[in-house]
Amino acid sequence: MYWYHYLGLAALVVFAVAMLWHFLRLIREGNPKDFSKKTGNLVKAEAYAYTTAMMPNHKETAYLHIPTFTAGALFHIGTFISILLFAVFFFISPAQFPLWLSRILTVCILAGAACGTGLLIKRMVVKKMRDLSHLDDYLSNFLTTLFQLFTILYLMLPHMFAPVYYIEVTVLLLYMPIGKLRHVLYFFAARYHLGRFYGWRNVWPPKK
Amino acid sequence: MEKLTTEQIDKALHLLKMRPDSKLETHLNACVHCGLCAESCMYYKTLHDDRYMPARKVELVAALYRKYCTLIGRVAPFLVNARPLDEQMAEEMTDALFGACTMCGRCVKHCSIGVDIAYVVHFGRRMLAAMGLVPATLQATVDAALQTGNNMAIPTADFVDTIQWMEEDLQDECGSEARIPLNETDKNILYTLNPREPKFFPLSIAALAKIFFAAKESWTISTDMYDVTNYGLFSGNNEHAKSIAKRLHDEVFNKHCKILVLGECGHGSRANRWEGPNYLQHSYEFETITAVELINTYIREGRIKLDKSLNQELVTLHDPCNLVRNGGLESELRYTISQSVTHFKEMTPHGIDNFCCGGGGGQLAMSEYNERRIAIGKIKADQIRNTGAKVVVTPCHNCVDQLIQLNNIYKLNVKIKTIAEIVADALVLE
Ligand code: SF4
Ligand code: SF4
């Protein structure tokens, strides 16, 4: 292990502790107490909230915006692969990856990075997006896209890009809990509360 | 806007800092600013003003949260858009949260993440209410309910006159046994009304009374407390909402009734069925159901007989947001309609995806925003026109009011009816 591995590891620990703090705070605050008489099934509603309700044909934010939705999905896939590789790199050096695998991963992550760049440009160019955005939005996208690009470079040229890759990951991991990237946790919490709200009132799952 | 006092600001921030549970915390941290919710909101779709995107409404409250409740917001406010609560912020909040949101929750269902935008908007309204910044017209409606027991300040003598007039009409049609019993005790049902009914639409009371007569129901209306509405839900003042809800709750005991039936009013049903027990901080000791559920049960149990051939015109249904997307009555409504009319056509979209009529969230009470209300109503008007229907049914008197205005302005040439009216038209009296 080199210094940059330790740096990445330390950032990971800080990230984990910070996100755990966010999580524990939500647990401590607990569910809202609801005194009204429940008419639905919370378990089924929660299951629906995390599955069918997320399908593109169930949300206008997906089916009315196919290009953006697809770009967002690919961007997230690229990020998930990059995160997975970050963990794998502690055990297997990219130099040991078979060429075919490196190429497949590169293509997938490159698609994600391209979509991330596209979304960043959209945020800068489209007025309604610009009005909605602030520095955190640009920075979060930029750091994540950069993370994907450095993952590719590290995969292809491990010796040359190892230090810079780990430095970028460190910055990203330290930034995540304070910027909007913490939606990695709050997304699940939001779906939970939504499932609970609609489930309590027998709105979800829908009955036709 | 007048300068905010420290006391006003402190009151609002106290609410924000209290955060009683994880729901608010979650929804103030979850928006990723994808901007995709814009097209789900009638305000943005019609007015094309970026400030009225659902995410921008959340952002107002979230910016305050970051400023006063997060470390990064205090240290680097420019990074995360942490904003202070000042006059400009209060003005923006009033305009967007009171003046450009019906709290319909349509954006919530469609949000990429699942942010409960309407919940955050309501919280923002609570902050404004704590600062005494509820729009004057909406506050006047709440005050009327608090002072007189009904939001239209109808004098009891006038109310009794109207009911007696409706009872005479009913008896002409159904015989002298048909009644609208006032202030009786130990009945099965305490029935409630939207004050718009005695004021403008008394025939809907007669329609429901006819259904009760056919079902041989034991019921009564209290002249002291018959108002199902609760505009405290929209003003954001939970103390006012609690007082209004408590009065209705207590009236069920005063009259020794078993079931509180909420008349055809979306927000009134929501305020009493779902929010009331939370305002009062205890479960209700009696059953609370909506008129829609009650009529549905009568049909399913065979307590009333319907002949749908008596309603031959093409009918469409407007789903009130508070009864359907926020109340779970989508299938109940459709069952009742299917038993009452011959020809029915759904709007596109409908059910939990339906668009608000434009009059929800207290908009009908806030004349300051009338122009916007009518403008966003164009979406509903187009939906109705596209069905080709001659009759629009909706179980909410607020929606009825807005739809009547849309009918006139957008020349839809339709009849607007409540569920009780369309069911009463199909009733077969034995
Ligand atoms: S869709 Fe949801 S996450 Fe996206 S901007 Fe709107 S509120 Fe925020
Ligand atoms: S709750 Fe309804 S009116 Fe308010 S922002 Fe969402 S879609 Fe628009």
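The values are calculated or read from the model by the stated rules, or taken from the named source; none is laboratory data. Being a predicted model, the structure only gives us computed values, none of them experimental. Virtual Cβ from ideal backbone geometry, glycine too; neighbours counted across all protein chains shown. Side chains included, ligands, DNA and RNA excluded: accessible areas come from the protein's heavy atoms. Shrake-Rupley method; radii C 1.70, N 1.55, O 1.52, S 1.80 Å.
Only Lys, Arg, Asp and Glu carry charge here, each on its Cβ (+1 for the first two, -1 for the last two); on that basis the stretch B:6-133 has a dipole of about 340 debye about its Cα centre. In the stretch B:304-428, a dipole from Cβ-located charges (positive for Lys and Arg, negative for Asp and Glu) runs towards its positive end, and of B:Thr348, B:Gly362, B:Thr336 it is B:Thr348 whose Cα lies farthest in that direction.
Evaluate Rg over Rh across the protein assembly as shown, taking Cα atoms for both radii and Kirkwood's formula for Rh.
1.04
Taken along the Cα-to-beta-carbon direction at a fixed 7 Å, the label points for A:Thr106 and B:Glu285 span 7.6 nm. What the Cβ-Cβ distance of B:Trp165 and A:Phe23 gives, at R0 = 51 Å and to the nearest 0.05, is a FRET efficiency of 0.25.
Applying 0.36 nm per residue to the separation of B:Lys415 and B:Ala140 and subtracting their alpha-carbon distance, the gain on full extension is 96.0 nm.
Among the GluC sites (Glu not before Pro) in the stretch B:1-107, those located in a DSSP loop and surrounded by at most 13 other Cβ atoms within 10 Å of their own Cβ are B:Glu2.
Assuming charge only on the beta carbon of Lys and Arg (+1) and of Asp and Glu (-1), the dipole of the stretch B:304-428 about its Cα centre is about 260 debye to the nearest 20. When chain A is treated as a GNM, springs tying every alpha-carbon pair under 10 Å, which of A:Gly195, A:Gly112, A:Gly40 comes out with the largest mean-square fluctuation? Residue with maximal mean-square fluctuation among A:Gly195, A:Gly112, A:Gly40: A:Gly40.
Here is the result for the stretch B:5-42: no trypsin sites (Lys or Arg not before Pro) lie in DSSP coil with at most 11 other C-beta atoms within 10 angstrom of their C-beta. Taking the 1.4 Å solvent-accessible surface of the stretch B:304-428 as the whole, the part contributed by carbon and sulfur is 51%. The packing ranking of peptides B:413-421, B:263-271, highest mean first, is B:263-271, B:413-421, where packing means the average number of other beta carbon atoms within 10 angstrom of each residue. In this view, the solvent-accessible surface of B:Asp172, computed with a 1.4 Å probe and all protein chains in place, comes to about 130 Å².
Which order do the peptides B:211-224, B:279-292 come out in when sorted by mean C-beta neighbours inside 10 angstrom, highest first?
Listed from highest to lowest mean packing, they are B:211-224, B:279-292.
Just list whichever of B:Lys109/B:Lys258; A:Lys207/B:Lys23; B:Lys57/B:Lys380; A:Lys59/B:Lys45; B:Lys23/B:Lys109; B:Lys45/B:Lys109 have alpha carbons separated by over 24 Å in the model shown. The pairs that break the limit, which is 24 Å between Cα atoms, are B:Lys109/B:Lys258; A:Lys207/B:Lys23.
How large is the accessible surface of B:Arg372 in square angstrom, using a 1.4 angstrom probe and rounding to the nearest 10? Surface open to solvent at B:Arg372 totals about 50 Å². Peptide A:192-201 shows a mean partner chain C-beta count of 6 within 10 Å per residue C-beta. Ligands, DNA and RNA are left out, and with a 1.4 angstrom probe the accessible area of chain B is 35 Å² per residue. When every alpha-carbon pair in the stretch B:138-297 is counted, what percent end up more than 21 Å apart? I get 41 percent for the Cα pairs in the stretch B:138-297 exceeding 21 Å. Once the Kirkwood radius over Cα pairs is known for chain B, the Stokes-Einstein relation at 37 °C and 0.692 mPa s delivers a diffusion coefficient of 147 µm²/s.
Other chains near A:122-133: what is the mean number of their Cβ atoms within 10 Å of each residue's Cβ? If you average over the peptide's residues, the count of other-chain Cβ atoms is 4.
Here the accessible area is traced with a 1.4 Å probe on the protein chains. For chain A, carbon and sulfur cover 77 percent of it.
Largest to smallest in accessible area, the residues B:Ser367, B:Ser22 fall in the order B:Ser367, B:Ser22 (1.4 Å probe, all protein chains included).
The residues of the stretch A:134-159 occluded by other protein chains by 40 Å² or more of accessible area, set against the chain on its own, are A:His134, A:Leu135; surface from heavy atoms, 1.4 Å probe. Ordering B:Thr316, A:Ala114, B:Leu60 by Cα displacement along the dipole of the protein assembly as shown toward the positive end leaves A:Ala114 in first place; charges were set at the Cβ atoms of Lys, Arg (+1) and Asp, Glu (-1). Dipole orientation for chain A: of the candidates A:Ile81, A:Phe142, A:Ala62, A:Ala62 has the Cα lying most toward the positive pole (charges on Cβ; Lys, Arg +1; Asp, Glu -1). Highest mean packing comes first when the peptides A:92-103, B:131-142 are listed by Cβ atoms within 10 Å, giving B:131-142, A:92-103. In plain terms, the chain from B:Ser338 to B:Ile72 could stretch by 90.2 nm, reckoned as 0.36 nm per residue minus the Cα-Cα distance.
The interface between chain B and chain A buries about 4900 Å² of solvent-accessible area in total (1.4 Å probe, ligands and nucleic acids excluded). Could you work out the relative contact order of chain B? I mean the mean sequence separation of Cα pairs under 8 Å and 6+ apart, divided by the number of residues, in percent. 15 percent. How far is the Cα center of the stretch B:381-430 from the Cα center of the stretch A:151-208, in Å? A separation of 46 Å, based on Cα centres.
Peptide B:112-120 has a mean of 6 when you count, residue by residue, the C-beta atoms of other protein chains within 10 Å of its C-beta. In the stretch B:24-49, burial by the other protein chains removes 30 Å² or more of accessible area from B:Glu25, B:Thr26, B:Asn29, B:Val32, B:His33, B:Leu36, B:Glu39, compared with the chain on its own (1.4 Å probe, ligands and nucleic acids ignored).
Taking Cα centre as origin and charging only the Cβ of basic (Lys, Arg, +1) and acidic (Asp, Glu, -1) residues, the dipole magnitude of the protein assembly as shown rounds to 2240 debye.
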